[in-house]
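The values are calculated or read from the model by the stated rules, or taken from the named source; none is laboratory data. What you see is a predicted model, and the numbers here were worked out from it, not measured in a lab. Positions of Cβ are backbone-derived with ideal geometry, glycine not excepted, and every protein chain shown enters the neighbour counts. Accessible surface is based on the protein model in full, side chains and every heavy atom, while ligands, DNA and RNA are left aside. Shrake-Rupley method; radii C 1.70, N 1.55, O 1.52, S 1.80 Å.
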Amino acid sequence: MATAYHNLSEYDFNSVPNAEAMKFGIVVSEWNFNITGALLKGAVDTLKKHGAKDENILVKTVPGSFELTFGANQMMENCDLDAIIAIGCVIKGDTPHFDYVCMGATQGITELNATGDIPVIYGLITTNTMEQAEDRAGGKLGNKGDECAITAIKMIDFVYMEGEQMNTKINQLLEYALKNGMIEKYDYDYSANLLIDLFGIQEFKREEVEDCSVYEILDFMLDYAVEKGMIQDTVTEKDLLDTRLMNCVMPRPSEVVHTFKSLYSMNPKDATDYFYKLSIDSNYIRKSRIDKNISFAHFCKYGDIQITINLSKPEKDPKEIAKAKNAVSTSYPACLLCKENVGFAGNLNHPARQTHRIIPLDLNGHTYNLQYSPYVYYNEHCIVFNSEHTPMKMDRSTFEHLFAFIDKFPHYMIGSNADLPIVGGSILSHDHYQGGRHHFPMEDAKVVKSYTYKDVQVDILYWPLSTLRLTSKSKENVLDLATKIFETWCTYSDESLDIIANESGVRHNTVTPIVRKKDGKYQMDVVLRNNRTTEEYPLGIFHPHSEHHHIKKENIGLIEVMGLAILPARLKTELEQIKLCLSGKADFDSYPELEKHKDWYEHLKTCSYTNVDAFMEMEVTKKFVSVLENAGVYKMDDEGMDGFSRFVKTLW
């Protein structure tokens with residue numbers, strides 16, 4: 001803005017970057033050309049003064065100032081330019097025409113700057129008189145054209161600097177990938193070109209860079225993409241893009257398989273170490289989110305129980321949810337476990353899986369695949385899934401697959417969710433197992449009673465879910481007995497304890513099997529399950545009862561069976577609010593979301609404690625233990641143990 005204290009042509013020459021390599025477009029209004037022509041001359045002369053070449057200055061004219069927006073947009077779309085200067089002059093007359101033209105041109109140039117890839121410089125003079133316009137077109141207040149030229153050079157430099165930052169971040173990502181063995185030196189240019197194409201960058205140079213956190217690199221790139229209008233600033237769109245970014249520095253699926261097999265031939269542990277590290281390094285396992293999970297363990301009568309409040313799955317905002325509902329749904333891939341997820345770009349309703357890699361396995365003559373869970377609920381949490389999209393089914397072949405897996409990977413444990421609703425996992429439509437390298441509380445359970453059957457030690461465990469532990473050096477003997485237990489249990493009823501095997505042809509009994517190697521022996525935990533419902537327990541007799549739903553309402557699957565609670569993210573905030581209320585720092589009724597906890601809160605107020613944090617952790621643990629006890633078909637009391645013994649006697 002020109003004032004008595006500012007001349008449009010005055011500036012610090014040394015503060016202006018060199019414009020030799022810059023390309024400029026100037027769109028000029030023919031209306032009031034005595035003014036706009038002078039502005040054009042000032043702009044061109046100033047550009048050249050700072051090194052701009054004649055061949056890099058493109059000038060186009062339009063009839064009037066209102067047409068400047070269209071002219072600038074055409075130059076932006078059809079010409080290779082770094083910035084555009086829009087020059088016009090509107091002098092106030094006796095009609096509102098002045099206001100409409102000024103407003104239209106101003107709004108148009110503003111929109112081009114908001115949506116375009118290059119800056120458009122506002123060179124419109126709007127005055128009350130011709131004399132005022134002349135003052136600003138080389139007169140006593142300088143030349144607006146000079147100011148526009150300087151602004152264009154500085155804005156291009158600003159973009160260049162941002163581009164240089166992106167250049168640095170691309171180099172840092174490539175160096176990160178090299179350092180972590182994701183790419184080799186011969187892949188460098190290939191991966192660089194994928195990245196610059198993704199961002200629409202025209203130039204790239206290799207540079208020496210310092211190590212940088214991959215999360216910092218990705219955050220910069222995602223912010224850049226949001227700023228450039230490539231994506232919206234939502235969790236889902238950022239997740240889709242950062243997966244695509246990391247895929248630019250990922251080894252091909254076949255390379256991963258070959259490397260895994262090569263390492264496996266020397267040591268199975270080396271192979272899984274490589275694959276797990278790759279899954280983390282590629283951000284397929286989003287460790288930065290998983291590290292935010294709240295975890296603790298407390299001792300109860302069954303041993304140390306592990307609790308995790310899962311924060312690794314970010315919640316979608318209402319706009320994302322609404323957008324996802326309107327998105328076109330497809331049946332490809334058929335589910336989240338299908339092998340066709342490898343390389344899948346994802347969408348609003350399906351996570352991106354471009355960094356997803358799987359390892360084919362032969363389990364007793366059947367083809368399965370090994371992958372890691374992107375949410376790793378415990379150390380090296382892996383999923384082993386059938387190559388075919390086939391429903392889960394419990395039978396002897398299931399047990400054979402589990403044993404075949406630990407023969408291949410003796411440093412891992414593996415188990416299967418039950419194959420029936422209510423007592424099964426969240427995905428029953430695709431046959432799969434879960435394993436990993438983690439010590440679960442169940443492994444340390446005490447033994448209530450022991451038997452021996454054909455060289456197999458059979459232990460009834462002191463555990464909230466009714467479990468028979470089979471241990472032997474003979475895999476076949478364990479398999480035979482496990483099969484016998486399962487088949488016997490499938491038809492076994494004890495109505496005095498609400499255990500009914502079948503109703504109207506619908507099977508209610510099944511098992512949750514877990515297999516590991518222990519001290520050179522095969523060990524299998526067979527957990528008895530039943531999914532009956534009644535009017536009193538519409539969600540399941542042996543399912544979390546309603547008084548515990550404020551903490552845990554979901555099915556008790558394999559992971560919970562073994563003593564690790566996976567609790568919802570909402571509890572992080574709700575537990576903190578309850579602590580404030582217990583400490584007298586807040587009013588319970590001021591938190592409507594706590595209404596579901598009201599009965600529990602009334603109980604908590606009657607308890608004594610010295611440390612509210614430790615107290616709440618222990619109370620959550622007690623709640624989870626009660627949930628597990630609900631899920632046990634035989635309770636750990638005299639009546640339950642008598643019933644358990646009656647069942648065991650039918651096996652011999």
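A few remarks follow.
- Hits in the stretch 354-386 - residues which are over 21 Å from the mean Cα position of the chain (by Cα) and open to solvent by 20 Å² or more (accessible area, probe 1.4 Å): P360, D362, N364, G365, H366, T367, N386
- The helices (runs of 4 or more DSSP H) located wholly in the stretch 207-269 that include 2 or more residues which are open to solvent by 70 Å² or more (accessible area, probe 1.4 Å) occupy 214-227, 253-264.
- Test result for V527, in contact with a Pro (Cβ under 8 Å, 6 or more places away or on another chain) and among the β-branched types (V, I, T): yes
- Residue ID - most open to solvent (accessible area, probe 1.4 Å), chosen from residues in the stretch 435-494 that are part of a strand (DSSP E or B), among the small types (G, A, S) and farther than 27 Å from Y372 by Cβ: S450
- Yes/no for I153 being under 55 Å from the mean Cα position of the chain (by Cα) and closer than 30 Å to V214 by Cα: no
- Near pairs, Cβ below 9 angstrom, 6+ apart or cross-chain, from the stretch 121-135 (under 20 Å from A152 (Cβ atoms) and open to solvent by 60 Å² or more (accessible area, probe 1.4 Å)) to any residue that is assigned to a helix (DSSP H, G or I) and polar (S, T, N, Q): Y122/T106; Y122/T110; Y122/N113; Y122/T151; T126/S65; T126/T106
- Every pair of residues 6+ apart whose Cβ atoms lie under 9 Å, when the first sits in the stretch 406-434 and is in a helix (DSSP H, G or I) while the second is open to solvent by 40 Å² or more (accessible area, probe 1.4 Å): I406/K517; D407/K475; D407/K517; K408/Y264; K408/D362
- Helices (runs of 4 or more DSSP H) contained entirely in the stretch 538-652, each with at least 1 residues that are out of contact with any Leu (no Cβ under 6 Å at 6 or more places or on another chain) and exposed (fewer than 15 other Cβ atoms within 10 Å of the Cβ): 570-582, 598-605, 612-631, 638-649
- Residues of the stretch 519-537 classified as over 35 Å from the mean Cα position of the chain (by Cα) and either assigned to a loop (DSSP other than H, G, I, E, B) or among the acidic types (D, E) (or both), total: 8
- Pair list, Cβ < 9 Å and 6+ apart or interchain, from the stretch 474-491 residues that are modelled with pLDDT of 95 or more and small (G, A, S) to residues that are assigned to a helix (DSSP H, G or I) and open to solvent by less than 20 Å² (accessible area, probe 1.4 Å): A482/F399
- Within the stretch 270-294, restricting attention to residues that are under 22 Å from K339 (Cα atoms) and of a type in the set (A, V, I, L, M), the residue that is surrounded by the fewest Cβ atoms within 10 Å (Cβ to Cβ) is I280.
- For beta carbons closer than 8 Å, sequence separation of 6+ or different chains, a first residue in the stretch 501-519 that is farther than 19 Å from I406 by Cα and free of Cβ contacts under 8 Å to residues at least 40 places away in the same chain and a second that is of a type in the set (G, A, S) and open to solvent by less than 10 Å² (accessible area, probe 1.4 Å), the qualifying pairs are N509/A501.
- Pairing residues of the stretch 303-324 that are at positive phi and outside any strand (DSSP E or B) with residues that are modelled with pLDDT of 55 or more and loosely packed, with under 15 Cβ neighbours inside 10 Å, at Cβ distances under 9 Å and at least 6 apart in sequence or on separate chains, gives no pairs at all.
- Residues in the stretch 500-515 that are in contact with a helix residue (DSSP H, G or I) (Cβ under 8 Å, 6 or more places away or on another chain) and part of a strand (DSSP E or B): 8 in all.
Conditions (1) open to solvent by less than 50 Å² (accessible area, probe 1.4 Å); (2) out of contact with any Pro (no Cβ under 8 Å at 6 or more places or on another chain); (3) outside any helix (DSSP H, G or I); (4) within 30 Å of V257 (Cβ to Cβ), marked per residue:
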position	(1), (2), (3), (4)
D80	no, yes, yes, no
D157	yes, no, no, no
M166	yes, yes, no, no
I183	yes, no, yes, yes
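- Of all the residues in the stretch 9-58, those that are of a type in the set (A, V, I, L, M, F, W, C), outside any helix (DSSP H, G or I) and open to solvent by less than 60 Å² (accessible area, probe 1.4 Å) number 10.
- Top-ranked residue in the stretch 295-346 [being at pLDDT 95 or above, among the β-branched types (V, I, T) and within 19 Å of the chain's Cα centre (by Cα); ranked as surrounded by the fewest Cβ atoms within 10 Å (Cβ to Cβ)]: V342
- Extreme residue, nearest to L468 (Cα to Cα), among residues of the stretch 502-537 that are of a type in the set (A, V, I, L, M) and either in contact with a Gly (Cβ under 6 Å, 6 or more places away or on another chain) or surrounded by fewer than 18 Cβ atoms within 10 Å (Cβ to Cβ) (or both): I514
- Beta carbons closer than 6 Å, at least 6 apart along the sequence or on distinct chains, pair a first residue in the stretch 330-350 that is assigned to a loop (DSSP other than H, G, I, E, B) with a second that is aromatic (F, W, Y) and modelled with pLDDT of 95 or more for L337/F385.
- Being hydroxyl-bearing (S, T, Y) and within 30 Å of K313 (Cβ to Cβ) is a condition met by at least one residue of the stretch 626-642.
- Residue that is modelled with the lowest pLDDT, among those in the stretch 98-117 that are of a type in the set (A, V, I, L, M) and open to solvent by less than 30 Å² (accessible area, probe 1.4 Å): V101
- K140 in contact with a Gly (Cβ under 7 Å, 6 or more places away or on another chain), farther than 30 Å from K277 by Cα and among the charged types (D, E, K, R): no
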